[in-house]
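Peer 1: Pasting a structure here, questions to come.
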Amino acid sequence: MEITRIRAGHGDPDVIEELVPQVLAFDTVINRASGLGEDFDPLVEEVRHQLISTSQYRTTLTWIGRVAGTIVARGSAELRLASNTDTAELWCGVHPDHRRRGYGTALLEVMEADLAAAGRTALSSYCEVPESVRTADIRGAHLAAETGVGTLPATLPEVAFLRSRGYGLAQIERCSVAPTATAAELDLDADGDYVIETWRGPVPEERLEHIALLKRRMSTDTPGAEKFGGEESWDGERVRALDAEKKARGEEMATALAILGGEPAGFTQVGHSAARPTVGWQGGTLVLIDHRGHGLGVRLKVANHRSLAQHSSVERVYTWNAAENSWMLEINDRAGFQTWAWVGLWTKNLR
Ligand SMILES: CC(C)(COP(=O)(O)OP(=O)(O)OC[C@H]1O[C@@H](n2cnc3c(N)ncnc32)[C@H](O)[C@@H]1OP(=O)(O)O)[C@@H](O)C(=O)NCCC(=O)NCCS
């Protein structure tokens, strides 16, 4: 297997343009084999973005493995550049027709060596397992997450693979999906003092610092956050930069923000793109510690779903939550979400 490396924004543009449809086809095969469904098929703009887009805050490395000119394996690593510069979130996949021949191992070894050489020693990875696949093997051997909450079948290829490479199953997330139309039917008690604002698209100027504060807290105030790095440095400027990046990608964020006395109390965001207009992806949701216990989580999500149902084509929203985050799972159940898949979050320290 011949392995080539691409650092986003540093490849020859002609070579990258030729590569985009090949990676798109490869990633589509991987997704179809996973059973996660067509909503998870890669989009051409996402693939291009991974290969060319970089900012002062983050960049992506890609490794392509070919045999006789055909892509048989692909790896990627997300690197943060402003904070947590010893971390990398990586993923690799092997074409279903070429599995169990050592390609995954060979690629991951190269990825880890490259990352270690760049000072990235705190690695994390993930695998996605549809609910139907997990329940089909409910009596087989299961591997428990280090949090003590949740398990994955130990014999699944990706679970066996990551274990064999020395990764530990740090945490499990539940991926669930809700139809946006359900929100209109939900009747919620409102705590009168909080005002919920919704908007779609870039964060309004007067809310930039509020959203930055909430995003900073997101990196510290969610269960298990400390395992995946320290506080993220967010300010209004970075929020604006993220909005510009999304716009360039044809993506839009729908936001619901809770305010009390002019100060932010919590927020939730759903991203969606023109390329797949019926599907929304839950971004961050946080209710600040002082404002918990007022039902704001459900109110924020339901307000955002209503705004999406009214003003966009989004018909369903996918969300991810730590399996031990029982209060958020309950919020999601109340907001109309149902389990779709389980995501294993893995860590390995190269030092
Ligand atoms: C996980 C994946 C990358 C493995 O690729 P691969 O090329 O088949 O892996 P390898 O041949 O290098 O296997 C290495 C070891 O992983 C384990 N393994 C891999 N597939 C397995 C399977 N189907 N059953 C049991 N163990 C398996 C074995 O321990 C294997 O060693 P062995 O063959 O000497 O027994 C591949 O199944 C895949 O692309 N899955 C979908 C993408 C994904 O989930 N990626 C997440 C990991 S980052």
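Peer 1: So Thr135 ticks every box in (1) part of a helix (DSSP H, G or I); (2) touching a residue at least 24 places away in the same chain (Cβ under 8 Å) but one. Which box is left unticked?
Peer 2: (2)
Peer 1: Sticking with this structure for a sec: Looking at Ala225, Ala275, Ala244, which one is within 27 Å of Gln171 (Cβ to Cβ) and either modelled with pLDDT of 90 or more or under 18 Å from the mean Cα position of the chain (by Cα) (or both)?
Peer 2: When all the criteria are applied, what remains is Ala225.
Peer 1: Looking at Glu78, Glu45, Glu38, which one is in contact with an Asp or Glu (Cβ under 7 Å, 6 or more places away or on another chain) and either closer than 26 Å to Tyr318 by Cβ or surrounded by 14 or more Cβ atoms within 10 Å (Cβ to Cβ) (or both)?
Peer 2: Glu78
Peer 1: Within region 306-322, count every residue that is surrounded by fewer than 18 Cβ atoms within 10 Å (Cβ to Cβ), in a helix (DSSP H, G or I) and in contact with a strand residue (DSSP E or B) (Cβ under 7 Å, 6 or more places away or on another chain).
Peer 2: 1
Peer 1: Listed residues Ala136, Ala113, Ala141; which is closer than 16 Å to Ala341 by Cα, within 16 Å of the ligand (Cβ to nearest atom) and over 22 Å from the mean Cα position of the chain (by Cα)?
Peer 2: The match here is Ala136.
Peer 1: So for region 116-127 (the condition being in a helix (DSSP H, G or I) and more than 8 Å from the ligand (Cβ to nearest atom)), does at least one residue qualify?
Peer 2: Checked region 116-127: at least one residue is in a helix (DSSP H, G or I) and more than 8 Å from the ligand (Cβ to nearest atom).
Peer 1: Name the single residue, out of those in region 61-106 being acidic (Asp, Glu) and either farther than 30 Å from Glu231 by Cβ or in a strand (DSSP E or B) (or both), that is farthest from the ligand (Cβ to nearest atom).
Peer 2: Across region 61-106, the extreme among qualifying residues is Glu78.
Peer 1: Here's a follow-up. Does Gly230 meet the test of being more than 18 Å from Leu345 (Cα to Cα) and outside the structural domain of Asp39 (by TED's automatic domain parsing)?
Peer 2: For Gly230, the condition - more than 18 Å from Leu345 (Cα to Cα) and outside the structural domain of Asp39 (by TED's automatic domain parsing) - is not met.
Peer 1: A follow-up question, please. From the list Gly293, Gly250, Gly271, which one is of a type outside the set (D, E, K, R), surrounded by fewer than 24 Cβ atoms within 10 Å (Cβ to Cβ) and free of Cβ contacts under 8 Å to residues at least 12 places away in the same chain?
Peer 2: Within the list Gly293, Gly250, Gly271, the selection yields Gly293.
Peer 1: With the checklist (1) within 16 Å of the ligand (Cβ to nearest atom); (2) surrounded by 15 or more Cβ atoms within 10 Å (Cβ to Cβ) in hand, flag the one item Pro157 doesn't pass.
Peer 2: So Pro157 meets the others, but not (2).
Peer 1: Only one of (1) part of a helix (DSSP H, G or I); (2) over 22 Å from Asp39 (Cα atoms) is not met by Thr347, so which one is it?
Peer 2: Failed condition: (1).
Peer 1: For region 323-351, give me each residue that is surrounded by fewer than 17 Cβ atoms within 10 Å (Cβ to Cβ), hydrophobic (A, V, I, L, M, F, W, C) and within 19 Å of Ala303 (Cβ to Cβ).
Peer 2: The answer is Trp327, and nothing else.
Each row is one residue, and each column tells you yes or no for (1) within 21 Å of Ser273 (Cα to Cα); (2) in a loop (DSSP other than H, G, I, E, B); (3) in contact with a Leu (Cβ under 7 Å, 6 or more places away or on another chain).
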| residue | (1), (2), (3) |
| --- | --- |
| Pro21 | yes, no, no |
| Leu24 | yes, no, no |
| Ala33 | no, no, no |
| Asp39 | yes, no, no |
| Thr54 | yes, yes, no |
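Peer 1: Related question: In region 96-113, is there at least one residue being charged (D, E, K, R), within 20 Å of Leu61 (Cα to Cα) and buried (at least 18 other Cβ atoms within 10 Å of the Cβ)?
Peer 2: Checked against the condition, which is being charged (D, E, K, R), within 20 Å of Leu61 (Cα to Cα) and buried (at least 18 other Cβ atoms within 10 Å of the Cβ), region 96-113 yields at least one hit.
The values are calculated or read from the model by the stated rules, or taken from the named source; none is laboratory data. Everything numeric here is computed off the predicted structure, so don't read it as measured data. Positions of Cβ are generated from backbone atoms using ideal geometry, with glycine treated the same way; all protein chains shown enter the neighbour counts.
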